[in-house]
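Note sheet for the following structure.
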């Protein structure tokens with residue numbers, strides 16, 4: 001099989017910066033000319049091989065810092081590998097930092113022309129596609145305005161529209177398929193699918209496991225710069241999610257008391273030992289859509305106290321999804337004397353896939369002051385099912401009955 005993109009046992013290392021050295025010209029000169037050649041280096045990527053055929057999409061998954069973006073930079077020629085080699089049959093295009101290269105004082109139209117040329121098109125070709133780019137970005141009313149007046153979403157839409165009108169043969173995508181609203185995301189995904197059908201070789205980095213499962217032909221799981229698994233998307237994603245679940249449980253088991261801006265209150269009663277657990281009582285960081293979850297915590301008072309309790313869940317945008325408290329639920333909390341363990345259980349969490357944050361608070365009995373409030377302090381991931389525009393994803397059944 002002919003491959004459009006080949007990476008053979010590539011590796012990339014970086015030098016550890018010594019934080020003890022003062023950032024002076026002399027220190028820089030000495031570190032450059034007289035540095036110890038046996039200095040410590042860390043490998044962001046090591047012995048990674050990848051082959052992508054025309055018309056094939058390969059997904060790359062892994063936690064933050066696993067080497068995914070470094071891999072894309074090596075594949076795109078932004079950096080050179082310290083080991084191994086990268087070969088491409090055609091110019092490599094990237095959907096990476098979509099705002100890169102945009103001048104804030106130039107109009108949207110002027111930025112389209114400049115960035116189109118930077119992407120390899122002739123000026124005449126950019127002008128021929130200008131109306132299509134503007135229509136794709138849905139910026140008809142703003143295209144003559146300076147880009148500095150655009151919202152972040154408008155700039156991203158314009159950047160994506162420019163990038164997808166270059167007709168790439170090899171395309172690298174780094175977490176940009178969530179640009180704009182749901183309708184625009186649909187256009188983005190449809191255009192990527194069209195590229196794939198036209199024979200474009202695509203490498204996609206994403207934390208959206210649904211996208212990896214639905215659009216990719218193969219998947220690679222990276223961890224600490226190494227390939228942990230490679231194969232069909234379902235199998236690789238399942239292995240990755242199982243490992244992530246186990247790691248989250250281990251972290252939860254050794255969690256330190258919360259401190260910082262997410263915590264406030266008088267501390268007359270203190271919340272501790274907060275755990276997010278599944279139906280079996282195991283600590284979790286990831287649960288499947290519709291599964292059960294329990295929030296458990298312990299109260300420790302300075303002296304016997306009557307209290308109220310609040311628990312809420314918010315999404316990644318800090319949009320409130322659920323809020324409950326002991327008063328509205330008519331739960332009588334016993335006097336907190338020496339200590340009290342509490343829990344609230346959800347029979348099922350029918351939330352759209354994504355990241356969510358749990359807040360837990362203990363309050364004066366009349367809500368006049370917070371004793372200890374942990375705001376958006378405990379995160380978890382909902383997996384499974386398609387990403388929806390709304391927050392709720394309840395079980396549902398459609399029926400169409402002809403008249």
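Here's the yes/no breakdown for (1) surrounded by 18 or more Cβ atoms within 10 Å (Cβ to Cβ); (2) closer than 17 Å to residue 393 by Cα; (3) assigned by TED's automatic domain parsing to the domain that holds residue 210:
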| residue | (1), (2), (3) |
| --- | --- |
| 271 | yes, no, no |
| 303 | no, no, no |
| 315 | no, yes, no |
| 322 | no, yes, no |
| 331 | no, no, no |
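Modelled with pLDDT under 80, at negative phi and outside any helix (DSSP H, G or I): does that describe residue 203? Before you say what the answer is, go through the steps one by one.
On the way: modelled with pLDDT under 80: no; at negative phi: yes; outside any helix (DSSP H, G or I): yes.
It is false that residue 203 is modelled with pLDDT under 80, at negative phi and outside any helix (DSSP H, G or I).
Scanning the stretch 116-125 for residues that are more than 12 Å from residue 167 (Cβ to Cβ) and assigned to a helix (DSSP H, G or I), which turns out farthest from the chain's Cα centre (by Cα)?
Going through the stretch 116-125, the residues more than 12 Å from residue 167 (Cβ to Cβ) turn out to be 117-118, 122-124.
Then keep just the ones that are assigned to a helix (DSSP H, G or I); that gives 117-118, 123-124.
Values: 117: 30, 118: 28, 123: 35, 124: 37 Å.
Filtering the stretch 116-125 for residues that are more than 12 Å from residue 167 (Cβ to Cβ) and assigned to a helix (DSSP H, G or I), the one farthest from the chain's Cα centre (by Cα) comes out as 124.
Quickly run through the stretch 138-164 and pick out the residues that are more than 19 Å from residue 105 (Cβ to Cβ) and surrounded by 20 or more Cβ atoms within 10 Å (Cβ to Cβ).
If we filter the stretch 138-164 for residues that are more than 19 Å from residue 105 (Cβ to Cβ), which is where we start, we get 138, 140-141, 153, 157, 160-161, 163-164.
If the condition is that a residue be more than 19 Å from residue 105 (Cβ to Cβ) and surrounded by 20 or more Cβ atoms within 10 Å (Cβ to Cβ), then 157, 160, 161, 163, 164 are the ones that fit.
Residue check: is residue 309 part of a strand (DSSP E or B), touching a residue at least 12 places away in the same chain (Cβ under 8 Å) and closer than 14 Å to residue 380 by Cα? If you could, list the steps in order and put the result at the bottom.
Details: part of a strand (DSSP E or B): yes; touching a residue at least 12 places away in the same chain (Cβ under 8 Å): yes; closer than 14 Å to residue 380 by Cα: no.
Spelling it out, it is not the case that residue 309 is part of a strand (DSSP E or B), touching a residue at least 12 places away in the same chain (Cβ under 8 Å) and closer than 14 Å to residue 380 by Cα.
The values are calculated or read from the model by the stated rules, or taken from the named source; none is laboratory data. These figures come from a predicted structure and were not determined experimentally. Cβ: placed from backbone, ideal geometry, glycine included. Neighbour counts: every protein chain shown.
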